[in-house]
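Asks: Can you read through this structure? Questions will come right after.
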Amino acid sequence: MTKDRQHIDTSAITAGRNGARGLSADIATSTVWSSSGLDNTHDEIVHGRRGTAYSRYTNPTVRLFEEAIAELEGADDALAFGSGMGALASVVFALCSPGDHIVAQQQLYGGSLAFLAGPVQRMGIKVTFVDATKPGAFVEAAKTPRTMLVIAETPANPSLALADLDEVGSIGAPFTLVDSTFATPVCQQPLRHGVNIVLHSATKGIGGHNDALIGVIAAETDVIDAIWGYSVLHGAAASPYDAHNALRGVRTLAVRQQRQCSTAHELADWFTAANGCAAVHYPGLASHPQHGLANKQMTGFGSMLAVELEGGTVSCRAFIDALRLARPATSLGGPETLVCHPASSTHFGLDPETLASSAAADGLLRISVGLENPQDLIADFASALSAVRAS
Ligand SMILES: *Cc1c(COP(=O)(O)O)cnc(C)c1O
């Protein structure tokens, strides 16, 4: 289903323009477009996604962003939403009915876990959580006759555990979805492994500037059309302002990712040797238990790492309080380096068992590596670790 194409560095610049002469996408602020009469209104409505009638159905600026993401993922088409969670909720409720079964990875973004553990099961959809790091776990759990959807996230938030894209892609579930937010299309392309749907919180690395809340999926045309038919009723539509900002982010995505990946790798190496750091999780490290898999399916190891401090939450608090350059915040993928403590933030409120299986340990800090100079970041982290030791 994937298409041959030019290098992604170039596609990030050329995609999603639809022949426009303006080099920055126009923001289509209209929520509604007039037509030339009854029949024309009917046509625009019937053509829904391909027409121009009402912005919840389709919006020209959002469309450009969707075309860009489809091209970067090597997909037929893409569909944007008001957020990553809007994308996930729309996909699940578009494809699954009461009595259906979802197989989901237990190491997931906290919001996705809460959604699958709560509202999805309240609607009568069964969910089985599996350990993505166990070879064959997805395949085994997806063998029930009512399994409709398999959901993986790789690298996983916040543990940096990996799911095997070839394994997920081999399942005829009927649908397989990979949340590829941590990787962005620059570091991996799940559709190339036979996965049906790739999902991004483009709020993160794709948008890349912390100024757009937007989600997106890419897939074959039939799948996108089916999900679109439900999503216009669900209503988690993307804003053209956010689509404009996210498309602006796409232009510099490749070069930002390259720099952020290389700094993340440098920091992962530095933390590995640092005093007071019990473990470092980064797919690019030879010490990562799935480093071989990372080499096989990723073209870059990503801008995210996690470190475990000796002394749990107390040490994490002292570490965060001592930071002068990196900032305490929960999001990721932007120019500023952010540090968060998942157990008390992104994964807070989950029951202890779910929390433990998501690998958001008490002493774990998640670091989203930005665009600052690596040596300045190392100096900041070194002084924060000294502050922990002194506390
Ligand atoms: C942030 C995030 C989401 C949710 O995206 P929003 O845009 O915040 O709704 C989903 N998956 C992952 C991996 C995320 O990091």
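Asks: If the chain between Arg192 and Asn40 were fully stretched, how many nm would it gain, using 0.36 nm times the residue separation less the Cα-Cα distance?
Replies: 50.8 nm
Asks: Which value, in Å², gives the accessible area per residue of the chain when a 1.4 Å probe is used on the protein heavy atoms?
Replies: 39 Å²
Asks: For region 294-299, in order, what is each residue's ³J(HN,Hα) by Karplus, 6.51 cos²θ - 1.76 cosθ + 1.60 with θ = phi - 60°, in whole Hz (x at glycine and Pro)?
Replies: Residue by residue, region 294-299 yields 4, 4, 6, 10, 10, 9 Hz.
Asks: Can you tell me the convex hull volume per residue for the chain, based on C-alpha atoms, in Å³ to the nearest whole number?
Replies: Dividing the Cα hull volume of the chain by its residues yields 133 Å³.
Asks: Let me ask you something else. Distance from the Cα centre of region 195-209 to that of region 145-162, in angstrom?
Replies: 15 Å
Asks: Between Ala286 and Phe348, what length in nm is gained on full extension when 0.36 nm per residue of separation is reduced by their alpha carbon distance?
Replies: Using 0.36 nm per residue and subtracting the Cα-Cα distance, I get 19.3 nm.
Asks: What is the list of residues in region 348-380 whose amide nitrogen lies under 17 Å from a point 7 angstrom out from the Cα of Asn275, following Cα to Cβ?
Replies: Correct set: 379-380.
Asks: Taking all protein chains as present, what is the carbon and sulfur share of the accessible area of the chain, in % to the nearest whole number, probe 1.4 Å?
Replies: Ligands and nucleic acids excluded, carbon and sulfur reach 54 percent.
Asks: A further question on this structure: Can you tell me the length gained on complete extension of the stretch Thr252 to Asp225, counting 0.36 nm per residue apart and subtracting the Cα distance?
Replies: Gain on stretching Thr252 to Asp225: 6.8 nm.
Asks: For the ranges 104-115, 194-205, what's the packing order if you count other beta-carbon atoms within 10 Å of each residue, average per peptide, and put the highest first?
Replies: Ranked from most to least packed, the peptides come out as 194-205, 104-115.
Asks: Can you grab the distance from the C-alpha centre of region 54-118 to the C-alpha centre of region 322-391, Å, no decimals?
Replies: 27 Å
Asks: Extending each Cα 7 Å along its Cβ direction at Glu336 and Ala387, get the distance between those two points in nm, one decimal.
Replies: 1.6 nm
Asks: Could you pull the Rg and Dmax for region 88-143, using just the Cα atoms, both in Å?
Replies: Calculated on Cα positions, Rg and Dmax stand at 11.1, 30 Å.
Asks: Another question, then. Before rounding to the nearest 500, sum -39500 (n - 2.57) across all DSSP H runs of length at least 4 in the chain and divide by the residue total; then give [θ] at 222 nm in deg cm²/dmol.
Replies: Using -39500 (n - 2.57) per qualifying helix, the result is -11500 deg cm²/dmol.
Asks: Given a Förster distance of 45 angstrom, what is the FRET efficiency for Asp321 paired with Thr10, based on the Cβ-Cβ distance and rounded to 0.05?
Replies: That pair, Asp321 with Thr10, gives E of 0.55.
Asks: Also, I was wondering about something else. Report the Cα-based extents of region 1-157 along its three principal axes, largest first, to the nearest Å.
Replies: 53, 42, 27
Asks: Here is a follow-up. Taking a cut-off of 15 Å between Cα atoms, list the aspartates and glutamates near Lys296, but don't count ones fewer than 8 places away on the same chain.
Replies: Asp164, Asp166, Glu167
The values are calculated or read from the model by the stated rules, or taken from the named source; none is laboratory data. Because the structure is a prediction, the values reported are computed rather than measured. With ideal geometry, Cβ positions are generated from the backbone for all residues, glycine too; neighbour counts draw on all protein chains shown. Remember, those area values only see protein heavy atoms, side chains included, never the ligands or the DNA or RNA. Shrake-Rupley method; radii C 1.70, N 1.55, O 1.52, S 1.80 Å.
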